[in-house]
Amino acid sequence: MSATSPTPASARRPPSRRADRIFFLAASGSGVLILAILAGVAVFLIVEAVPAVTASSARIPGGKGLIHYLWPLIFGTLYSATLALIVAIPLAVGVALFIVYYTPPAIASVLGGLVDLLAAIPSLVFGLWGIETFGPAAVPFQRWLADHLSWLPFFAGPASPTGRTMFTVAIVLAVMTLPIISALAREAFLQTPTKLEQAAYGLGATRWEMIRMVVLPSSRSAIFSAGFLGLGRALGETMAVTIILSVTGVVTFNQISSSNPSTIAANIALHFPESSGLDVNVLIATGLALFAITLVVNMVGRWIVTSRQVSS
C-alpha cells in the first residue's frame, strides 16, 4: 500500500502576485504624479496671477482693468474653437464612416493612415498653409459672403483683402482637429456589434439606414468624447492662430473682416517675449483663465459622456 506524500504548504499557496503588485504601484504612482503635476501648475498660475488680480486698473494694459483685458481673449478663444468644431465634427464623422463602411479594406487602411498623418504635421506648417494658401484662396468666397449674406452678423463684412480672418482660422483649426475626432469615431464604429448591423440589413434597411439607426446611436458617447478632445486641441492652439489671425482685440461675431478678437494662447505668444514686471503677471493670469476653461470643458465633457452611457 503506497502512501501518498502530503503536498507541501508552499505548493498549495497561490502563485506569487508580485508582477500585479508592481503594476498596481506603477499605475497608481503615475496617476498620483499626473495629479501632482496638475496641482503644481495650478498653484504656479494662481500665485503668479495674484499681482495682476490685485493691481489697479490703470496698471493693466488698456487701463480698464483685468476683466476688460481678459474678456475679448476669452471670447476669441471660445469662438474660434466652437467654429472649428462646427466644421470638424461632421467632416470627421463623415470621413470615419466613409473609411469604415464605404471603402474596401485594402484602401481603408491606407486612407486611415493618411488621415491620422495629419496629426503629425506641426501647427506651424498649418499656420503657413493658412496664411499663404488657404487664406488668399478663400478671399473671393468671403467677399461673396459679404455681398450676399451681410444681413447675418457672422458675415457682416467688409471682407478682408488678405484672408487673415476668423473664418480662415476656424477652417485651419478644423483640419487640425479632424484626425483626432476621426480616429476615435472610426474605432467606435468598428466596435458596433455585427449582429445589430446584420439585423438591420435583414429587416431591409439600406446601408445609410443601418448607419443612421444602429451605428450612430451606439457611437454617440464616443463621438461626444472625440468632440471634446478636439475642443481641447482647438482651445490651446497657439502658432497657427498667431500666424494667421489679424487681431485688433475687439469682440465681434464677424468672421470675415480684418477686425478680429485674439485668443489667449496667441496673445501670450505675441506679447510674452517683450513683457516684464506686471505685464508678465497679466499674461499668466490669462493663462490661468485658459487653464480654468480647459478644466471646465473637460469636466463637462466627462459628465455628458457618463450621463449618456448611463442612460443608454
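Each reported figure results from applying straightforward, stated rules to the coordinates on display, with no laboratory input. Remember, it's a predicted structure, so these values are computed and weren't measured experimentally. Every residue, glycine as well, gets a Cβ built from its backbone with ideal geometry; the counts of neighbours run over all protein chains shown.
For the reader, a short list of remarks on this structure follows.
- 5 angstrom amide H check on Ala55, placed H, neighbours 5+ away: none
- Phi to ³J(HN,Hα) by Karplus 6.51 cos²θ - 1.76 cosθ + 1.60 over segment 149-164, Hz, x for Gly, Pro: 10, 5, 6, 8, x, 6, 10, 5, x, x, 5, 5, x, 9, x, 8
- Relative contact order of segment 225-279, defined on C-alpha pairs under 8 angstrom at six or more residues apart (%): 31 percent
- Efficiency of FRET from Cβ geometry, Leu118 and Phe272, R₀ 30 Å, rounded to 0.05: 0.60
- For Ser258, the residues 5 or more places off, or on other chains, whose built amide H falls under 5 Å of its own are Ser160.
- Angle between the chain longest axis and helix 66-97 axis [Cα atoms, degrees, rounded to 10]: 50 degrees
- Hz values of 3J(HN,Hα) by residue in segment 191-196 - Karplus curve (6.51, -1.76, 1.60), Gly and Pro given as x: 8, 5, x, 4, 4, 5
- Computed over the alpha carbons of the chain, Rg followed by Dmax gives 25.9, 106 Å.
- The chain: most fluctuating residue of Ala138, Ala39, Ala92 per GNM, C-alpha cutoff 10 Å: Ala39
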